[in-house]
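First comes the structure, then the notes that go with it.
What follows draws every value from the coordinates through simple rules; no lab data is involved. Note that the structure is predicted; figures quoted are calculated from it, not measured.
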Amino acid sequence: MPIYEYECEQCGVRFEKMQRMADAPLTDCPECGKSALKKLVSAADLDLAAPGGAAADALNLKSAREAADRKVIRHALARSEGNISNTAKLLGISRPTLYDLLKQYDLQG
Ligand SMILES: [Zn+2]
């Protein structure tokens, strides 16, 4: 199932939602309740040729980026022997950003 990204034009909240392509787009904001959601163009929209299949997954920009991120972060962690400051420096990001990524990709510990 493709993931769609929505943005609320009222409160600015952004979130992602897994939907079937046939599903009607969401309109009501889960944060402020206003009917002001706008569907953002996402990688899923470019994936119409192979909906839902393994090929679609491989072509999904988000998955590809996440896989690449994971790989680079693991590499940097190994290179700096798990030292967070050095890993962040290697990756060219701040420590809080690195912590967020580690949590997001479940790479901690
Ligand atoms: Zn809203």
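Between segment 2-36 and segment 85-107, the alpha-carbon centres lie 29 Å apart. Of all aspartates and glutamates in the structure, those lying under 14 Å Cα to Cα from K39, and not within fewer than 8 positions of it along the same chain, are E5, E7, E9, E16, D23, D28. Shown in residue order for segment 88-102 are the 3J(HN,Hα) couplings computed by the Karplus curve 6.51 cos²θ - 1.76 cosθ + 1.60 at θ = phi - 60°: 4, 4, 4, 7, x, 10, 7, 4, x, 4, 4, 4, 4, 5, 4 Hz (x for Gly and Pro).
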